[in-house]
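Please treat every number below as a calculation from the coordinates, not as lab data. These figures come from a predicted structure and were not determined experimentally. Glycine also receives a Cβ, built like all others from the backbone with ideal geometry; neighbour counts cover every protein chain displayed.
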Amino acid sequence: MSRLSPLTSRSATVVASALVLTAGVQLAGALAGPSTTPVTVTRESLAAAGHPRGADRRTLGLSRVTVMPGTRLALHHHPGTQIGYVASGVLTYTVEQGRARLMKGSGDDPTLVRVIRAGQTAKVHPGQWLIEQPTDHHHATDKGTVPVVIYLATLFRDGAPASLPG
């Protein structure tokens with residue numbers, strides 16, 4: 001088991017920005033105080049390690065995103081590799097540019113379900129996960145009746161936002 005290094009001020013900035021910045025997603029009312037507009041997406045930072053071994057000037061983060069039914073995540077991409085594990089609900093996921101790998105099984109014994117290429121859409125079910133690279137531009141929707149809960153493992157350059165529009 002590896003030990004996580006204490007957060008540096010730079011990685012703390014990344015963690016803080018991950019809490020309030022998800023490209024194209026409005027965290028309605030989350031920072032502005034009371035509002036009649038419901039919060040449709042939340043992103044909670046669970047853990048982070050600045051400068052993990054083998055990844056200088058990078059931050060490794062773990063977060064949980066909850067997407068409420070009917071919510072659409074706008075087109076975006078990530079500045080580093082990201083793994084998104086769907087814990088509950090069904091995410092309808094579309095790639096507009098690049099390709100993402102949809103996986104199932106454990107991390108120790110993964111199985112490729114399919115490669116989702118530009119112009120294709122897939123339903124990501126609980127227990128499946130996506131491997132996304134910076135060249136993969138995508139959007140997603142919770143078309144179901146229950147929230148989609150996604151655990152994200154991210155490896156980004158120090159100070160980079162969690163996601164970028166477009």
Exercise for review: Compute the label zone of Leu46 within segment 152-166: residues whose backbone N is under 12 Å from the point 7 Å along Cα-to-Cβ.
Suggested key: 152-154
Exercise for review: With r as the distance between the Cβ atoms of Thr81 and Asp56 and R0 = 25 Å, compute the FRET efficiency 1/(1 + (r/R0)^6) and round to 0.05.
Suggested key: 0.95
Exercise for review: Once you have the Cα-Cα distance between Gln120 and Asp108, take 0.36 nm times their residue separation minus that, and quote the gain in nm to one decimal.
Suggested key: 1.6 nm
Revision key, fill the gap. Residues meeting the amide H criterion for Ser88 (H placed from the backbone, H to H distance under 5 Å, 5 or more places apart or on another chain) are Val149
Exercise for review: Name the long-range amide H neighbours of Glu96: under 5 Å, sequence gap of 5 or more, or other chain; modelled H, no Pro or chain starts.
Suggested key: Gly119, His137, His138, His139
